[in-house]
Every structure is written in structure tokens, then in C-alpha cells.
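J.: Sharing a structure here in C-alpha cells format.
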Amino acid sequence: MSDRPPPTLAALFWGFLSIGIIGFGGVLPWARRMVVEQRGWLTPAEFTDLLGLCQFLPGPNIVNVAVALGSRFRGPLGAVAAVVGLLCLPMVLVVTLGAAYSAMRDQPVVARATAGLAAAASGLVVATALKIAAPLLGRKLGIAVALVVVVAIAGLHLPLVATLLLLAPVSMALHRLVPRR
């Protein structure tokens, strides 16, 4: 453990508030930087161990890290301080944007902006899917399983969870039985 004194409730709040402000969409690298490099609350090994535990638990990893770290240093109040710090500004921003959208959704410029955001978000999803699928190139069985999943969910509108619960074990069995090509 670091030789620094444990952070105060205020330090936990402000530290995680800084993560919530700058880390929309992917805060884990910012959390590590703040906790390990800037504040020295944990060593790199301690952070990795804590993150491993938090990935095992249900819920968002960063919220679990905030709860675990706050609890470690200041008990239940520390957990509350860290989580409130992490979530309060993003929550205010989302509620504010939601209210603004609700008030202006009939404006043509808002409709065009929303359509543009939807197109960009769809592009990000497709780009991420292609990055995830890239290792399948040259692996015919993997491509076939991926196509079956796409057809089942997008084409046949089968439920995602049921499809994955059925096809994941089938895919693992097929990959075990069929030699890799």
C-alpha cells in the first residue's frame, strides 16, 4: 500500500469528480492515472488487483472501483463520496441535455443534429464490430458462426440473450471439434 495518508472524503469526491468530468465513454484510463500516478492512493499492482475484483462484480467497472476504493479508505461514506463525485456531473449533463432536447425536439435543426448523431453512433458501432471481427479473417468457421448470429438477431429478430445462450456453446463445441483453418 502507498505510504501516503488515506484520502479524505473530500479528496475522494473531488478526485472522482475530475474523472467524471473528463472521462465520458471510457474513464478507466483516467481513473488509473488519477488514483495511481497523480494521487498515489494505490500502487500500480494494487490498482490492477482492485480492477480485477471490480471486473468480476456486476455493474459498471468504474463505479465498482469508486465503491471499492472509497470503502477501502473511508468506509461506506467514502464509497458514497467517490460514487457521487463520479456520477453527479455526468448525470446533471444528461438531465440538462434531455430537458433541452425535450424543449426543442420539434426544431428542424435539432432533428438534423439528432439524425447526424445517430449516423455517427451507428458508424462507431460498425467500426467497433469490424475491429472485433478482424481476428476472424481467414477463419471460415468463425465467420460462419458470426454470420449465423447476425442473421438470427438482425434478420430473424430473435432475442439477443437467447441467441447467445444457444449459439455460444454451439460455437465453442464446433471450434473444439473442427480443426483451425
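J.: Taking ALA146 as meeting all but one of (1) among the small types (Gly, Ala, Ser); (2) exposed (fewer than 12 other Cβ atoms within 10 Å of the Cβ); (3) over 21 Å from the mean Cα position of the chain (by Cα), write down the number of the exception.
T.: Answer for ALA146: the failing condition is (2).
J.: Does any residue of region 8-22 turn out to be in a loop (DSSP other than H, G, I, E, B), touching a residue at least 24 places away in the same chain (Cβ under 8 Å) and among the small types (Gly, Ala, Ser)?
T.: no
J.: For region 125-143, which residues satisfy the criterion of being surrounded by 11 or more Cβ atoms within 10 Å (Cβ to Cβ) and without any contact (Cβ under 8 Å) to a residue 24 or more places away in the chain?
T.: ALA129, ALA133, LEU136, ILE143, listed by residue number.
J.: Could you identify the single residue in GLY40, GLY75 that is of a type in the set (Gly, Ala, Ser), in a helix (DSSP H, G or I) and at positive phi?
T.: On the way: GLY40 fails: in a helix (DSSP H, G or I).
The unique qualifying residue is GLY75.
J.: Next question, about the same structure. Among the residues of region 154-179, count how many are of a type in the set (Lys, Arg) and at pLDDT 90 or above.
T.: Final tally of qualifying residues: 0.
J.: Scanning region 149-165 for residues that are over 25 Å from the mean Cα position of the chain (by Cα) and in a helix (DSSP H, G or I), which turns out surrounded by the fewest Cβ atoms within 10 Å (Cβ to Cβ)?
T.: Filtering first and then ranking leaves GLY155.
J.: Further question: Of everything in region 105-124 that's surrounded by 10 or more Cβ atoms within 10 Å (Cβ to Cβ) and not small (Gly, Ala, Ser), which residue is modelled with the lowest pLDDT?
T.: Among those residues, the one meeting the criterion is LEU124.
J.: Just one of LEU97, LEU51 is closer than 20 Å to ALA31 by Cα, in the same structural domain as ARG33 (by TED's automatic domain parsing) and assigned to a helix (DSSP H, G or I); which is it?
T.: LEU51
J.: Any residue at all in region 27-36 that's aliphatic (A, V, I, L, M), in contact with a helix residue (DSSP H, G or I) (Cβ under 9 Å, 6 or more places away or on another chain), surrounded by 12 or more Cβ atoms within 10 Å (Cβ to Cβ) and not in a helix (DSSP H, G or I)?
T.: Yes, region 27-36 contains a residue that is aliphatic (A, V, I, L, M), in contact with a helix residue (DSSP H, G or I) (Cβ under 9 Å, 6 or more places away or on another chain), surrounded by 12 or more Cβ atoms within 10 Å (Cβ to Cβ) and not in a helix (DSSP H, G or I).
J.: Working carefully through the options ALA82, ALA154, find the one that is free of Cβ contacts under 8 Å to residues at least 12 places away in the same chain and of a type outside the set (Lys, Arg).
T.: Matching residue, one of ALA82, ALA154: ALA154.
The values are calculated or read from the model by the stated rules, or taken from the named source; none is laboratory data. Predicted model only: the values in this text are computed from it and were never measured. Cβ: placed from backbone, ideal geometry, glycine included. Neighbour counts: every protein chain shown.
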